[in-house]
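Have a look at the structure below before the remarks.
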Amino acid sequence: MYNMTKIHDIRHRTKGGKSKRALSRVNRLARHHSGTEDGNYSAFDKRWSGVLGWKTGGYHEIILRDGSIELCYDPDVITNGVANHNTGTYHICLVGNASFTEEQEKTWNERAAHWKKRLNIPLVSVLGHREFQGASTACPGINMDQVRKALLEGNTYTPPKAEVKPETVTAPAPAKPRTLRLNTNNMMSGEDVKTVQRAVGAKVDGWYGPNTEKAVRAYQSSLNLDADGIVGALTWEAIDTGRKPEPKKQTSAKPAPKTKYTLPSGVLRRGSKGNAVRQLQTALNAANFRVDNVDGDYGPKTHDAVRRFQSVYLPREVDGVYGPNTRRALDKLVN
């Protein structure tokens, strides 16, 4: 059983999906990486539909950096993950560029095991993008032999740790260090950038990119400095002196209680109306199986949202009718 709190169902708003196949034809599971530090379906679709002219996106599922899943297409939809190999392949992409979070690897293992079992895919047919015949790419940016070994053993893949070497002692920084800022046309780099990245908790790669600027802004804000993302004299002084964020004032206010969603009992179906339907619609929206307007009318959109929810959590009971089993699964997800 995979974690029920991780899925964001976006199948109702993804593009295309008209080309279908019988599930019996699906005999391969493909792992991809996005080649980017962050992103999601909406970001990737700008290239798919805007640049490449695809009618349907590339992946059935996208595993975000926090380990949550964007569920993009039903398994019977033919997507565009690997040229000439899509009719028989289910595609899963991890957001990242050859480096993935522990949460992503846990989710990958859960999803890969789920689809292997459901679609009867042998372990040898769990492939990285570059392992498909005719593919020329570094994707998925990971050793698939080790990934398959972990999947066979029921473990989460953990990349081998590089040997930690002591840092070389360098000469003291100049009395007046240069001002660092984001310049996308000519990105600044160097040891001083690494010093800043270590201080603000950014990835230490020596390049002053968008993620480093974001971390600098957060660091400046925590010290009540101007959060402009520019490392000038005051920010350098704070880094050099090891200044810590100022403690926040304690308040007597109690944290707001976690929102609970009341779910109706009984059976609801197309044509049902009233407050019970409103409660169901509110809970479906909270679970990311969007109904949109909470109007108390069990119409086509509510029926479709219930079917989409059931296809994920009750695959043997996909009828669009809200009953006791659907209530239990939805309650477990939102409460």
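The values are calculated or read from the model by the stated rules, or taken from the named source; none is laboratory data. Since we're looking at a predicted model, the values are computed, not measured. Ideal geometry is used to build each Cβ from the backbone, glycine not excepted, and the neighbour counts take in all protein chains shown. For accessibility, only protein heavy atoms count, side chains too; no ligands or nucleic acids. Shrake-Rupley method; radii C 1.70, N 1.55, O 1.52, S 1.80 Å.
For segment 272-332, rounded, prolate or oblate, judged on the Cα gyration tensor with a ≥ b ≥ c (square roots of eigenvalues), a/c < 1.5 rounded, else prolate if a/b > b/c? Display every interim value, and only then the final one.
Details: a/c = 1.56, a/b = 1.52, b/c = 1.02.
Prolate.
Expressed as a rounded percentage, what relative contact order does segment 180-241 have, with Cα pairs under 8 Å and six or more residues apart? Before the final figure, lay out the partial values.
Numbers: 78 pairs, mean separation 19.2, N = 62.
Relative contact order, segment 180-241: 31 percent.
Can you give the accessible area of Met188, probe radius 1.4 Å, in Å² rounded to 10?
About 40 Å², ignoring ligands and nucleic acids.
Using the Cβ atoms and a cut-off under 10 Å, what net charge is assigned to the surroundings of Trp236, where Lys and Arg are +1 and Asp and Glu are -1?
The answer is -1.
Rounded, prolate or oblate, given the Cα gyration tensor of segment 76-164, with a/c below 1.5 counting as rounded?
It is oblate, given that a/c is not under 1.5 and a/b is not larger than b/c.
Tilt of helix 144-153 relative to the longest C-alpha principal axis of the chain, in degrees (0 to 90, nearest 10)?
Result, in degrees: 60.
From the Cα gyration tensor of the chain, with a ≥ b ≥ c the square roots of its eigenvalues, which class applies: rounded if a/c is under 1.5, or else prolate if a/b is larger than b/c, or else oblate?
Numbers: a/c = 2.28, a/b = 1.43, b/c = 1.59.
In terms of gyration-tensor shape, oblate.
With a 1.4 Å probe and every protein chain left in place, work out the accessible area per residue of the chain in Å², rounded to a whole number.
Per residue, the chain has 57 Å² of solvent-accessible surface.
Give me the percent of the accessible area of segment 85-142 that comes from carbon and sulfur atoms, probe 1.4 Å, all protein chains in place.
Taking all protein chains in place, segment 85-142 shows 45 percent carbon and sulfur surface.
Taking 0.36 nm per residue of sequence separation and subtracting the Cα-Cα distance, how much length would be gained by fully extending the chain between Lys203 and Leu234, in nm to one decimal?
Contour length minus Cα-Cα distance gives 9.0 nm.
Taking Cα atoms, how many degrees apart are the long axis of helix 275-286 and the longest axis of the chain, rounded to 10 and kept between 0 and 90?
Orientation of helix 275-286: about 40 degrees from the principal axis.
Which entries of Lys20/Lys46; Lys20/Lys332; Lys46/Lys332 have Cα-Cα distances beyond 25 Å here? Don't skip to the answer; put the middle values down first.
Numbers: Lys20/Lys46 23 Å; Lys20/Lys332 32 Å; Lys46/Lys332 35 Å.
Check vs 25 Å cut-off fails for Lys20/Lys332; Lys46/Lys332.
For segment 273-327, what % of the accessible area comes from carbon and sulfur atoms, probe 1.4 Å?
Whole-percent figure for carbon plus sulfur exposure: 45.
Using the Cβ atoms and a cut-off under 11 Å, what net charge is assigned to the surroundings of Ser49, where Lys and Arg are +1 and Asp and Glu are -1?
+3
In percent, what relative contact order does the chain have, based on Cα pairs under 8 Å that are 6 or more apart in sequence?
Reported as a whole number, the value is 13 percent.
With everything on Cα atoms, drop me the angle between helix 191-200 and the longest principal axis of the chain, reported from 0 to 90° to the nearest 10.
On a 0 to 90 degree scale, this one is about 50.
When the chain is fully extended, how far beyond the present Cα-Cα distance does Ser189 get from Leu123, taking 0.36 nm per residue of separation?
19.4 nm is the gain from fully extending Ser189 to Leu123.
When the chain is treated as a GNM, springs tying every alpha-carbon pair under 10 Å, which of Pro210, Pro75, Pro315 comes out with the largest mean-square fluctuation?
In this elastic network of the chain, the residue with the biggest mean-square fluctuation among Pro210, Pro75, Pro315 is Pro210.
Take the Cβ-Cβ distance between Ser222 and Arg25 as r, set R0 to 51 Å, and report the resulting FRET efficiency rounded to the nearest 0.05.
Between Ser222 and Arg25 the formula returns 0.40.
Rank these by accessible area, largest first, 1.4 Å probe: Arg31, Arg11.
Result, largest first: Arg11, Arg31.
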